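Remarks on the structure that follows.
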Amino acid sequence: MAKTELDFRGMSCPMPIMKTAMAFKKATSGDVFTIMCDDPGFEPDIKAWASETGNVLDSIEKKDKDIIATVTKK
């Protein structure tokens, strides 16, 4: 089980979700990703993406302008 940090701060929709999807294609089941983004659209996007793909959104938090999501690959 690998742990990976993805920093997409400074990118706007849809790039953070597209790059997240690309990273998950290379991952194996159980890999955990911490994804940082400062685009306000990222929070609803990552929730919808996780639901649609079956990956597990472990947590999501806000720190100032940053949104930090932890997602585990199914």
### Query
So Cys13 fits all but one of (1) modelled with pLDDT of 95 or more; (2) surrounded by 11 or more Cβ atoms within 10 Å (Cβ to Cβ); what number is the exception?
(1)
#### Entry: Residue check for Asp31: touching a Pro at 6+ places or on another chain (Cβ under 7 Å), acidic (Asp, Glu) and buried (at least 17 other Cβ atoms within 10 Å of the Cβ)
no
### Message
Name the residue that is farthest from the chain's Cα centre (by Cα), counting only residues in the stretch 41-74 that are in a loop (DSSP other than H, G, I, E, B) and without any contact (Cβ under 8 Å) to a residue 24 or more places away in the chain.
### Response
Asp64
### Query
When only residues in the stretch 4-40 that are basic (Lys, Arg) and in a helix (DSSP H, G or I) count, which is farthest from Thr72 (Cα to Cα)?
Lys19
### Query
If you go through the stretch 28-44 one residue at a time, do you hit one that is at pLDDT 95 or above and on the phi > 0 side of the Ramachandran plot?
yes
### Query
Here are Met36, Met1: which of them is in contact (Cβ under 8 Å) with a residue 24 or more places away in the chain, among the aliphatic types (A, V, I, L, M) and exposed (fewer than 13 other Cβ atoms within 10 Å of the Cβ)?
Met1
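The values are calculated or read from the model by the stated rules, or taken from the named source; none is laboratory data. All figures in this text were calculated on a predicted structure; none of them were measured in a lab. Glycine gets a Cβ as well: all are built from the backbone with ideal geometry, and neighbour counts include every protein chain shown.
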